[in-house]
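The values are calculated or read from the model by the stated rules, or taken from the named source; none is laboratory data. From a predicted model like this one, the values you see are computed outputs, not experimental measurements. A quick note on method: Cβ atoms are made from the backbone with ideal geometry, for glycine too, and the neighbour counts reach across all protein chains shown. The area values use the complete protein model at the heavy-atom level, side chains included, leaving out ligands, DNA and RNA. Shrake-Rupley method; radii C 1.70, N 1.55, O 1.52, S 1.80 Å.
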Amino acid sequence: MKKMLKTKYGYFIDEGKEYVITALTPKPWSNIICPKEFGCVVTNLGTGYTFYKNAALFRITQWFQDLVKEEYGKFFYFKENNRIWSLGYKPLGKVRNYLCIHGLGYTKIINNYNNFRIEATIFVPPEDTTEVWWLKIKNNKVLPREIELYSYLEWSLRDPAAVHNEFHKLFFETGYDSNGIIFAKKVNSLLDLFSFHSCSTKPERFTTDKQDFIGNYRSVYNPKALEVSSLSNVVGRTVDPVASFKCKLNFQPGEEKQVIFLVGVAKNQNQAKMLVQKYEKNIDVLFEQTKKFWLDLVSTVKVETGVKEIDIMTNYWLKYQTISCRMNARTAYFQPAGGYGYRDQLQDSMIYLYIDPKKTKEQILLHAKHQFKNGNVYHWWMPVTEDGPISKHSDPYLWLVFVTNEYIKLTGDIDILKEKVEFVDDKKKYALYLHCIKAIELSLKRFSKRGLPLIGCGDWNDGLSAAGKNWKGESVWLAEFLYGILKEFVEILEHFKVKFVPNSLKEKYKKVSVKLKENINKYCWDGEWFWCATKDNGDLIGSRKNKEGMIFLNTQTWAIMNGIVDDKDRQKKILNSLEKYLYHKYGPVLLYPAYSKPDKEIGYLTEYSPGVRENGGLYVHAGCWALLMECLLQRKDKVEYIYKNLNPIFRSTANPDLYKTEPYVTCGDIYGPNSSYFGQGGWSWYTGSAQWLFKVTLEYVFGIRPCLNGILVSPCLPEFIKKAKVELIIKNTKYRFLIINKKVNQPKLTVDGEQLSGNLVPFLSKHKLHQIVVTV
């Protein structure tokens, strides 16, 4: 296959659907594989963990975060005579012609050490609660050979924070079935399930006791079992629970054998046995079905620009990252988690608007169910226990309205507002529009005397955690956000002539939005930009009066995105300030300059290292909003500058040793200019930036933007994109756009060969593929 975008660490193949890692990377480069509720994290080193439903409460295999030592995973050891090595680079580090291939829903690890070619394919089938390790082992010598193969994993089956191991092991029970299945159960677990580990080749020996495998005062680097070539067939209670098999394999010259290991959960032992039997047959067919599951999901939007960095991320990895990691797994390597963030997964669910809008609808209704009757919500909640902290922030409940607005604009499904959902504290079901109104009304109750929303313990920026803890501090960004929500909510109600929402309420929201815009411009202008917030004592945050945290990004971008700024002189000053203070070498930072000392009246972002995350880093999520703003303004040079800094392939290809993190998924943040590690990526995979970069690329860079009356076509192609072909489905109708970047004075648009005046394409018939050509 053709190698694309090669660096010293690897390259893309198969149109970008796979990334091949060829060398030890600066950080572990992982794959988050989770088609539904069961999933795993696996790295290029062979490390990682397995989970079910909630990786924070029910991690199946043991793992502790240490990206330097990297000592936890499911390990496979090989022994020939006295020579011992492992499948992955970890734990033994003995590799030759070693490759790791991360794909959509699977990972392959290939090691050619000691004249054996060992290829492991790791995947999670979408229909079953099991993780498959499919090993193919080939003898590359011209002599017959015998090897020993050992598997090893440590059971967790609990909240990873529960580190009192000598206590927790008292609740474990392990067992063994002669069909080659080890069982483990934690009798006081939140989930009444059996975990299991199986081996398709009849094991010679096994153990469920860590001491039996590791030995006293040893580790996974020098386990006793490999030294003595034996396990003790230990099962029962009070063991330090692990699962390990020992198999003997004999090879003729050039012979290849396969061994299938499973790690999974089942309701009972019989169900586990059925799963084991299923995956010992037709493994290749089951693997292809898993690949097809993922390809079918991501193929509903197809982009072709000739710029591989754009095509690969938009066609495959942004969608896969959002669905597999953010929506389904809700965990990763930099941020092991498991809960639903109220605002987080609501935003992430917008990825489905172009894939399967019913999934967005389901997510909206799920979050509505986690709202209280006063309008407030859980800041996050844990599936299984269904609890979490009640939000002290001022924005999470408003995202329910924002995402509902977006869903209706794209689908036209106004009836979603009639869907009935209970509240946390009232099990009677109420229409979704009442949930939305409750959210809006709670926000309107939390206004300052001069008519600005109160920030509480943070707006979207969680790091402003102390700014308004006494509910006196104000938020400018929240005012801008609420203005846009109110305006769109009323427009939707009026467009569909909704009668179940009183006209008096619509008029109220119109008046509030007009007054909000007036108050933002009247009170929040700082001379060259909008300040960010006030503290409880009235002091400004994000003002030229501040030596640190002088200017914040979101307050400027959303002012322009939502049409707060009518004054062209003000807009020019904002843009000049962005370029002067916030637009740095590796993209727009969240604030500048970074805080160098903690400020207990602002919040925990001031306690972060300067230039990291919310304290002056390039927060990629917010960077996507800056990209959106620049597209609206048609500032194509700035669109190119921001996009190339947000897209991880551009950054990693240019300098992988500086960027450090994976080239195929977005980061949460990139270290800013006040950091000693300026330009380094951090917190990859688990970030809302993947969905937003996809949305902004499609709707604002390519300019294909569904709205109430049709599809607004307003591309902003920077010069390096000469043309773009985009195929997608909107309201069950297939469209094929061809956008040609010719720098014409007057844009031209044709629909199925007929020229259209203006740039609003009406929603068209579902009975054919519609061809739309745009010349800009």
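Hey, among Val242, Val285, Val228, Val307, which residue is among the hydrophobic types (A, V, I, L, M, F, W, C) and in contact with a strand residue (DSSP E or B) (Cβ under 6 Å, 6 or more places away or on another chain)?
Val242
Does Asp413 meet the test of being of a type in the set (Asp, Glu), in contact (Cβ under 8 Å) with a residue 12 or more places away in the chain and in contact with an Asp or Glu (Cβ under 8 Å, 6 or more places away or on another chain)?
no
In the list Lys94, Lys79, Lys90, which residue meets the criterion of being within 24 Å of Ile182 (Cα to Cα) and in a loop (DSSP other than H, G, I, E, B)?
From the options Lys94, Lys79, Lys90, the qualifying one is Lys90.
Can Leu104 be described as in contact with a Phe, Trp or Tyr (Cβ under 6 Å, 6 or more places away or on another chain), at negative phi and crowded, with 18+ Cβ neighbours inside 10 Å?
yes
Of the residues that sit in the stretch 329-349 and are surrounded by fewer than 24 Cβ atoms within 10 Å (Cβ to Cβ) and within 12 Å of Trp685 (Cβ to Cβ), which one is nearest to the chain's Cα centre (by Cα)?
Only one residue tops the list, namely Ala332.
Can you name every residue in the stretch 1-21 that is in a loop (DSSP other than H, G, I, E, B) and crowded, with 18+ Cβ neighbours inside 10 Å?
Tyr9, Lys17
If you scan the stretch 488-515, which residues turn out to be on the phi < 0 side of the Ramachandran plot and either in contact with a Gly (Cβ under 6 Å, 6 or more places away or on another chain) or open to solvent by 90 Å² or more (accessible area, probe 1.4 Å) (or both)?
Lys499, Asn503, Lys511, Val514, Lys515
Would you confirm, using the coordinates I've provided, whether Lys597 is among the charged types (D, E, K, R), farther than 23 Å from Gly463 by Cβ and open to solvent by 10 Å² or more (accessible area, probe 1.4 Å)?
no
Could you run through the stretch 368-384 and say how many residues are closer than 14 Å to Ser394 by Cα, touching a Leu at 6+ places or on another chain (Cβ under 7 Å) and open to solvent by 30 Å² or more (accessible area, probe 1.4 Å)?
Summing the residues that are closer than 14 Å to Ser394 by Cα, touching a Leu at 6+ places or on another chain (Cβ under 7 Å) and open to solvent by 30 Å² or more (accessible area, probe 1.4 Å) in the stretch 368-384 gives 1.
Suppose the filter is touching a helix residue (DSSP H, G or I) at 6+ places or on another chain (Cβ under 9 Å) and closer than 16 Å to Ile122 by Cα; does Tyr49 pass it?
When the stated conditions are applied, Tyr49 does not pass them.
Could you list, in sequence order, the residues of the stretch 488-526 that are assigned to a loop (DSSP other than H, G, I, E, B), within 30 Å of Asn576 (Cα to Cα) and touching a helix residue (DSSP H, G or I) at 6+ places or on another chain (Cβ under 8 Å)?
Cys524
Kindly provide the set of residues from the stretch 690-726 that are closer than 15 Å to Ile310 by Cβ and assigned to a strand (DSSP E or B), ordered by number.
Ile704, Lys723, Ala724, Lys725, Val726
Here's the yes/no breakdown for (1) of a type in the set (A, V, I, L, M, F, W, C); (2) in contact with a strand residue (DSSP E or B) (Cβ under 8 Å, 6 or more places away or on another chain); (3) open to solvent by less than 30 Å² (accessible area, probe 1.4 Å):
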position: Tyr176; (1), (2), (3): no, yes, no
position: Lys185; (1), (2), (3): no, yes, no
position: Phe194; (1), (2), (3): yes, yes, no
position: Cys199; (1), (2), (3): yes, yes, yes
position: Phe213; (1), (2), (3): yes, yes, yes
position: Tyr217; (1), (2), (3): no, no, no
